[in-house]
Amino acid sequence: MKKIKIALAIIVLVALASCQKEYSTEDTAGDTPTPSIRVKTYTEDLTSGGTHTVTTFDLSYDNSNRLISMISETNAGDKFVFNYGSGSYTGDIFNSNVLYIHEVFFLNSNSLVDSTFQYNDTNDSTTEKYIYNGAKQLVTFKEYDYSLLTGSVLSNTTNYKYDSNGNQISATDDYSVTLYDYTGLANTIVIGAPYFFVNKNLVKTTTYSFGVSTIILNHTYTFDGNNRLSTETITNGSTYTLIKTYTY
């Protein structure tokens with residue numbers, strides 16, 4: 001995803017997934033509650049090193065409250081587009097109206113993503129496999145490089161652990177370890193649910209470790225008059241700050 005103009009953070013957030021939803025504390029880990037509110041616009045204000053960018057997306061939904069598009073306000077050709085079928089759906093990323101990434105998501109019997117197949121504009125292909133426990137929590141994620149000559153070749157495996165509240169506390173892959181600490185605030189907005197596991201609470205700190213390097217990111221939040229998430233600020237305190245803003 002190096003060449004795309006759309007910020008990497010939004011790609012991570014959306015994960016080429018489905019819809020935004022709100023849920024209550026009665027929902028159990030991994031459940032997929034009925035969507036109740038819609039995010040109208042999503043903005044990323046990113047400062048990284050000496051670079052500063054601001055991107056705002058307009059979001060639209062189908063009659064089932066599933067996200068069908070995220071379109072940049074500054075360049076309508078930069079967009080995410082989703083199409084839903086029975087047992088699968090597709091996600092496309094366009095860069096100035098040119099298809100950059102196409103991905104097919106296959107769902108399991110619990111309506112969670114089971115596997116994917118992706119190709120990009122340089123004809124590179126990858127596949128993924130998602131493995132869950134009995135609580136519908138993602139426990140193992142496998143990434144494969146794919147070609148007609150070699151088939152699927154495993155390139156990376158990530159294993160996840162959770163706390164008693166159903167929050168993901170660690171992600172360990174072949175190259176790095178990511179640790180999460182949580183606030184007591186309920187996670188009431190997720191763009192990308194319900195086809196992926198959702199944490200119960202909002203993250204307080206994220207710690208990335210790879211080799212001898214460690215990066216710690218602090219997360220802070222503000223809310224509107226209806227107690228809906230308004231902004232999330234993620235920063236390392238010096239060279240990196242990402243401000244996510246939501247309107248309804």
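Observations on the model:
- Applying the criterion of at least 2 residues that are within 20 Å of residue 197 (Cβ to Cβ) and either of a type outside the set (Phe, Trp, Tyr) or touching a helix residue (DSSP H, G or I) at 6+ places or on another chain (Cβ under 8 Å) (or both) to the strands (runs of 3 or more DSSP E) found wholly in the stretch 49-126 leaves 88-95, 98-107, 113-120.
- Selection from the stretch 95-131 of residues that are in contact with a Gly (Cβ under 6 Å, 6 or more places away or on another chain), farther than 28 Å from residue 165 by Cα and surrounded by 15 or more Cβ atoms within 10 Å (Cβ to Cβ): 103
- Selection within the stretch 95-135 - under 16 Å from residue 85 (Cβ atoms) and of a type in the set (D, E, K, R): 103, 114
- Here is the figure for the stretch 132-176: residues that are at positive phi and buried (at least 16 other Cβ atoms within 10 Å of the Cβ) total 2.
- Check on residue 56, at pLDDT 95 or above and either farther than 30 Å from residue 144 by Cα or crowded, with 19+ Cβ neighbours inside 10 Å (or both): yes
- The selection criterion, being out of contact with any Phe, Trp or Tyr (no Cβ under 9 Å at 6 or more places or on another chain), touching a residue at least 24 places away in the same chain (Cβ under 8 Å), buried (at least 16 other Cβ atoms within 10 Å of the Cβ) and of a type outside the set (S, T, N, Q), does not hold for residue 89.
- Options 83, 65, 108: the member that is within 26 Å of residue 138 (Cβ to Cβ), touching a Pro at 6+ places or on another chain (Cβ under 6 Å), of a type outside the set (A, V, I, L, M, F, W, C) and free of Cβ contacts under 8 Å to residues at least 60 places away in the same chain: 65
- Criterion: at pLDDT below 90, surrounded by 15 or more Cβ atoms within 10 Å (Cβ to Cβ) and of a type outside the set (A, V, I, L, M, F, W, C) - qualifying residue of 235, 188: 188
The values are calculated or read from the model by the stated rules, or taken from the named source; none is laboratory data. What you see is a predicted model, and the numbers here were worked out from it, not measured in a lab. Because the Cβ atoms are built from the backbone with ideal geometry, glycine has one as well, and the counts that use them run over all protein chains shown.
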